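Data first, discussion second: the structure below is written as structure tokens.
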Amino acid sequence: MEASFGGRTVRKLYAAPLGLAGIGAATFGYASVIERNWFRLRRFEVPVLPPGRPSVKILHVSDAHLTPGRRRLIRWVRSLDALEPDLVINTGDSISHPDAIGPFLDALGPLLDRPGAFVYGSNDLYSPIFKNPTRYVWRTSQSDYKKRRREPDLPYRELGSSLQAAGWLDLNNRIGRLKVGSLDVEFGGIDDSHINRDRYDKIAGPVDPRADVHLGVMHSPEPRNMDRFAADGYDLLLAGHTHGGQVCVPFYGALATNCGIDRPRVKGLHQHRGAWLHVSAGLGTSPKAPMRFCCPPEASLLTLVPRPTP
Ligand SMILES: [Fe+2]
């Protein structure tokens, strides 16, 4: 048993907490400065086209949570035009600041000249507030919006008008149709279920079999809505919202999805009741929780190809 508190003993006493504090500071620095700006492009092939139809490329962006100062994010998104996508889908949470619409349009830049479609996420309507990030492990943030019960304070309507002015389809509780390359594409979309603005009944019904492919677009991948998209015959569902878990555990993955979808499908390409499902881990984070760990920010290039012939 040590009786002395001098010299070497004191150093031993403080070594462990100081070491842990140092590791914590280094991890936070990595998560907030390095990984948060370490943008990745993920590529997937999705066999949803009728046999013999030419492939098309969809760029899926989501959850930029843009604030005017995020120049790296803006530059990276702009650079994605070099991929020459045939269609751009934005699944919401585009802005996190009242002055972010201009920078967001600047980020899309030449992509706005391409066919596109969008839905809103809760963060397009409500400015960010600080929340304890650990509470996502035991509950979603849905109840925060119910408690606040206040009017939207971000200019989401201006955001939507700007995207529509570029020719993009507003898919918030709407259906739509676009010519993409030589394909006839039918869309169904819903507003954000996370804040109870989804109205699937407005778009309900079987897809038009004359279209070449049918895309279901939503912000939050909520199973009750995905069930209905799949039952109506949509081929590919696109969603964001989860941030892929945002702060993940190595060799384990996401701790939470912040909605009803299961952890294994928190991001990436999966299936849901016969439809394909792509969940984007997103480009950004809330400015009140500016970190990512083991879950880099991303956009995805989905190449739609013909279904295999039996
Ligand atoms: Fe988000």
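Since every read-out is calculated from the coordinates, none of them should be taken as a lab result. Keep in mind it's a predicted model, so treat the numbers as computed, not measured. No Cβ is skipped: glycine too gets one built from the backbone with ideal geometry, and neighbour counts run over all protein chains shown.
Between the Cα long axis of helix 7-29 and the first principal axis of the chain there is an angle of about 10°, rounded to the nearest 10. When 226, 218 are sorted by how many other C-beta atoms sit within 10 angstrom of their C-beta, beginning with the fewest, the order is 226, 218. For the stretch 38-306, give the share of DSSP beta bridges that are antiparallel, in percent and rounded to the nearest 5; count only bridges with both residues there. For the stretch 38-306, the DSSP antiparallel bridge percentage is about 35. The share of Cα pairs per 10 Å bin across the stretch 1-97, counted from zero up to the longest distance, runs 11, 27, 20, 14, 11, 9, 5, 2, 0 percent.
With label points built 7 Å along Cα→Cβ from the Cα atoms of residue 71 and residue 231, find their separation and express it in nm. Output for this residue pair reads 5.2 nm. When the Cα positions of 77, 159, 16 are compared along the charge dipole of the chain, 16 comes out farthest toward the positive end, with charges on each C-beta of Lys, Arg, Asp and Glu.
Overall, the stretch 151-294 carries a charge dipole of about 340 debye about its Cα centre when +1 sits on the Cβ of Lys and Arg and -1 on the Cβ of Asp and Glu, all other atoms neutral. Spin-label pair residue 224-residue 79: with each label point 7 Å from Cα along the Cα-Cβ axis, the two points sit 4.2 nm from one another.
State to the nearest 20 debye the size of the charge dipole of the chain about its Cα centre, where the only charges are +1 on K and R beta carbons and -1 on D and E beta carbons.
On the way: 40 positive and 31 negative charges, 228 e Å.
Approximately 1100 debye in magnitude.
Taking square-rooted eigenvalues a ≥ b ≥ c of the alpha carbon gyration tensor, is the stretch 38-306 rounded, prolate or oblate, where a/c under 1.5 means rounded and, failing that, a/b exceeding b/c means prolate? Here the stretch 38-306 falls in the rounded category.
For the stretch 1-93, which GluC sites (Glu not before Pro) are both in a DSSP coil and crowded by at most 12 other Cβ atoms within 10 Å? Sparse-neighbourhood loop GluC sites (Glu not before Pro): 2. As a calculated quantity, the FRET efficiency between residue 249 and residue 307 at R0 = 41 Å, using C-beta atoms, amounts to about 0.65. Available extension along the chain between residue 99 and residue 9 is 26.9 nm, counting 0.36 nm per residue and deducting the alpha carbon span.
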